[in-house]
1. Given the conditions (1) at pLDDT 80 or above; (2) not in a helix (DSSP H, G or I), and given that residue 27 satisfies all but one, which numbered condition is not satisfied?
2. Can you tell me how many residues in the stretch 2-31 are open to solvent by less than 100 Å² (accessible area, probe 1.4 Å) and of a type in the set (Lys, Arg)?
Amino acid sequence: MDIEQRKNDSRDSKRAFRWGVIAVIVLVLGALAANFILGNKEGERLKQEASQGNPVVIDGKTAK
């Protein structure tokens with residue numbers, strides 16, 4: 001292999017690595033956002049049930 005080909009291969013490897021890191025960061029942030037949003041919806045549902053006088057059941061146990 002000549003020197004120019006090695007440089008191009010090295011650049012391509014670095015570029016692929018950067019895109020991989022960016023993809024992982026985006027996926028992690030998306031998972032955190034989804035968890036936060038769904039967690040808030042679940043919390044709101046539990047608050048509504050509790051405010052209606054219904055006992056709230058969590059993991060088979062009635063919350064007081």
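1. Only one criterion in (1) at pLDDT 80 or above; (2) not in a helix (DSSP H, G or I) is unmet by residue 27, namely (2).
2. Residues flagged as open to solvent by less than 100 Å² (accessible area, probe 1.4 Å) and of a type in the set (Lys, Arg) within the stretch 2-31 amount to 0.
The values are calculated or read from the model by the stated rules, or taken from the named source; none is laboratory data. All values reported here derive from a predicted model rather than from experimental measurement. For the accessible areas, the whole protein counts, side chains as well, though only heavy atoms, and no ligand, DNA or RNA atoms are used. Shrake-Rupley method; radii C 1.70, N 1.55, O 1.52, S 1.80 Å.
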